[in-house]
Amino acid sequence: MINKKLPGWLLSCLLCVSPAAVQAAQHDPVVVERALAVEVEGLSADLPGELADNIRAFLAIERIKGDAAPMASRLQYLHRQAEEQIRTALQPFGYYQPSIQAELLDQQDRWLARYRVDPGPQVRLENINVVITGEAQTDPQFVQALADNGLRKGQPLRHADYETLKSRLQSLASERGYYEAVLSRQQLLINPELNQADIELELDSGPRYRIGAVNFSDAPVGDALLRRYVPFESGDPVSSGRLLELQRGLSESDYFSRVEVQPSWDQAVDQVVPIGVNLEPNKRTAYRFGAGYGTDTGARLSASLNRRWVNRRGHSYTGAMQLSEVESTAAVQYNIPGQKPQSDRYSARLAWETEQTDTTDSEILTLGVLWQKQLGPWQRLLSVDWEQERFTLDDETSSTSFLIPGMRWSTTQTDNPLNPSRGYRISFELDAASEVLLSEADFVQAQLKGKHVLTLGNRTRLLTRAEVGATAMDVFDLMPSSHRFFAGGDNSVRGYDYKQLGPVGSNGDVVGGRYLLVGSAEVDYLVAESWRVAAFYDAGNALDSLSEPLKNGVGVGVRWQSPIGPVRVDLAKPLDDSGFRIHFTLGPDL
């Protein structure tokens with residue numbers, strides 16, 4: 001071991017260190033963190049909101065505001081960058097000569113970065129030269145796009161307008177089959193000193209490609225059926241809209257879980273391109289089970305089976321059953337695709353239904369055929385049903401048989417099927433029967449229904465509905481209960497029980513009427529995300545004479561926008577009776 005003596009002066013210094021000093025040295029120094037605030041404002045007037053928002057998006061120093069400020073050197077570096085970032089943020093809006101006052105203040109409890117901006121004069125468009133060459137030069141869609149481009153001499157420059165026009169021309173070329181289209185010239189020339197900008201834009205479309213053969217991958221249904229889904233002919237110009245129509249039709253057919261329609265550009269010959277359709281089959285059989293509750297029907301259970309295809313011709317069948325406290329049904333339906341299978345279908349059905357309410361007790365067996373077809377925005381359904389019904393009304397049991405030709409027309413227009421802000425639904429039904437055609441009696445019956453949704457403000461909607469029905473029949477006592485009109489319930493006049501309203505028999509039970517008049521007006525208000533409150537007024541009745549009075553109900557309700565549609569709970573008061581009634585429903589507004 002080597003011993004060394006410490007110098008005397010060093011030993012003296014060590015002995016002079018106090019215990020308190022040693023203890024203090026063992027702790028980190030206290031650092032007071034100060035937050036950073038950033039202000040962006042106009043120099044001589046209010047700065048437009050879109051300019052202020054874009055400046056904040058470009059400012060690097062903005063991203064750390066509210067946090068503890070970094071070291072002063074780092075903060076000053078970010079501050080020095082701010083002026084150039086502000087200039088860059090203003091240029092997309094046509095401001096190239098701004099005046100900027102920037103200051104970084106070391107305040108007692110915080111750092112403050114303040115930027116006062118005068119955007120200056122806005123650059124305006126002077127010369128606009130947009131040209132289409134190639135086959136698209138005479139294409140009506142491109143001619144219209146140039147006419148509607150929205151760029152005019154003297155208009156303030158906004159880079160977004162220029163980029164939108166470029167994107168529109170390129171998208172249009174893609175949509176309409178100009179596979180070789182390129183922007184051969186694209187210039188935005190800006191002269192900040194004169195506050196002027198020139199646009200030079202030229203699209204060379206090249207030739208327009210045409211559709212060749214349509215090739216389907218292996219599928220569980222035959223090629224003859226698949227080709228009926230094709231909405232174009234070989235030799236037609238390529239159109240992405242028509243290709244999407246083909247893809248949508250096949251996807252909605254229920255035969256496939258995935259559909260991909262793509263032009264095979266690498267196989268094109270002389271501007272004729274084949275179309276490849278890749279199909280992934282769905283599961284052949286689908287099962288569904290459900291449970292629910294409604295104040296009209298009570299608790300209910302349901303089950304269904306869907307055999308998506310039976311054979312190569314695409315035939316299918318469905319079976320469904322529902323059990324509830326009021327209504328129970330069982331049905332099977334066999335479907336055959338029509339000439340336009342997206343919307344054209346033939347069906348045969350067999351159904352059994354029973355209903356037990358305070359006023360009716362019925363059992364119906366139905367055997368029928370249907371033809372469903374889409375005609376523009378309207379769906380048309382033609383049917384012929386043989387109905388055998390046993391029913392009890394006013395303590396009297398009857399049994400009837402009717403052969404009923406029928407027609408249904410319906411259309412729905414809405415911006416959102418599950419949560420519409422606007423839209424409407426209209427349906428019209430017409431049924432008839434004749435003693436000459438295997439029926440107990442002659443009758444003609446018509447029914448018109450309508451619903452409408454209108455937005456009155458950001459949070460308020462007005463929902464209205466109406467229902468009108470009329471029957472022409474000499475001996476109405478022979479009319480089965482399923483074709484008589486009743487009112488009252490969740491979707492009729494709220495405040496009254498299901499089928500509580502209508503003409504009454506000798507013992508006071510409701511037996512249904514020849515006519516139906518129902519109307520409703522409801523206002524709902526969005527109070528929170530997915531939640532609304534509502535107030536409503538309903539009026540209506542089932543009648544034997546149009547001179548009879550209507551019943552009225554008012555109430556309030558709560559709406560929850562669930563993932564599968566609105567859930568409604570209403571508290572309704574009948575104005576012509578005592579008490580209250582709660583209504584619970586689930587389903588779309590239209």
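Readers should treat all values here as calculations from the given coordinates under stated rules, not as data from a laboratory. Just so we're clear, the structure is a prediction, and the values are computed from it rather than from any experiment. Backbone-built Cβ (ideal geometry, glycine too); neighbour counts: all protein chains shown.
In order along segment 550-559, the Karplus-derived 3J(HN,Hα) couplings, from 6.51 cos²θ - 1.76 cosθ + 1.60 at θ = phi - 60°, round to 8, 9, 10, x, 10, x, 10, x, 10, 10 Hz, and Gly and Pro are given as x.
Work out how much length Asn191 to Arg168 would gain on full extension: take 0.36 nm times their residue separation and subtract the Cα-Cα distance, in nm to one decimal.
5.7 nm is the gain from fully extending Asn191 to Arg168.
Only lysines eight or more places from Lys153 in sequence, or on another chain, were considered; those with a Cα closer than 25 Å are Lys166. Exposure proxy for Thr359, Thr329: other Cβ atoms within 10 Å of each Cβ, ordered fewest to most, give Thr329, Thr359. With N the number of residues in segment 300-429, Rg(Cα) / (2.2 N^0.38 Å) evaluates to 1.25.
Taking 0.36 nm per residue of separation and subtracting the Cα-Cα distance, full extension of the segment from Glu233 to Ser399 would add 54.3 nm.
For Lys449, the aspartates and glutamates whose Cα falls under 16 Å of its own Cα, not counting residues fewer than eight places away in the same chain, are Glu429, Asp431, Glu467, Asp490, Asp538, Asp589. Taking a Cβ cut-off of under 13 Å around Pro156, the surrounding Lys, Arg, Asp and Glu residues balance to a net charge of +1, with basic ones at +1 and acidic ones at -1.
Note on Leu546 and Ala224: the model spin-label points, each 7 Å out from Cα along the C-beta direction, lie 5.2 nm apart.
Taking the convex hull of the Cα atoms, report for the chain its projected area averaged over all directions, in nm².
Working: hull surface 211.5 nm².
Mean projected area for the chain: 52.9 nm², to one decimal.
Close amide H contacts of Phe485 (hydrogens built in the peptide plane, cut-off under 5 Å, sequence separation of 5 or more or a different chain): Gly513.
Across segment 353-368, coupling constants 3J(HN,Hα) worked out from phi with the 6.51/-1.76/1.60 Karplus curve, θ = phi - 60°, read 9, 10, 9, 9, 10, 5, 10, 10, 9, 9, 9, 10, 10, 10, 10, x Hz, and Gly and Pro carry x.
Take every DSSP beta bridge with both residues inside segment 124-204 and express the antiparallel ones as a percent of the total, to the nearest 5.
Beta bridges within segment 124-204, antiparallel portion: roughly 55 percent.
Express in % the proportion of alpha carbon pairs of segment 353-586 at distances exceeding 23 Å. Of the Cα pairs, 56 percent sit more than 23 Å apart. Other residues lying with their Cβ under 12 Å from the Cβ of Gln247 contribute a combined charge of 0, Lys and Arg counting +1, Asp and Glu -1.
Rg to Rh for segment 112-220: what is it, with Cα atoms only and Rh by Kirkwood?
Details: Rg = 19.6 Å, Rh = 16.4 Å.
For segment 112-220, the value is 1.20.
Per residue Cα convex hull volume for segment 210-281, in cubic angstrom?
On the way: hull volume 5.6 nm³, N = 72.
Enclosed volume per residue, from the Cα hull, is 78 Å³.
With a cut-off of 13 Å between beta carbons, the residues surrounding Ala213 carry a summed charge of -1, where Lys and Arg count +1 and Asp and Glu -1. The charge dipole of the chain, taken about the Cα centre with unit charges on the Cβ atoms of Lys, Arg (+1) and Asp, Glu (-1), comes to about 2140 debye, rounded to the nearest 20. Computed from backbone phi, the HN-Hα couplings of segment 52-57 come to 4, 5, 5, 4, 5, 5 Hz, rounded to whole numbers (Karplus: 6.51 cos²θ - 1.76 cosθ + 1.60, θ = phi - 60°; Gly and Pro given as x). The value for segment 35-118 of Rg(Cα) / (2.2 N^0.38 Å) is 1.05.
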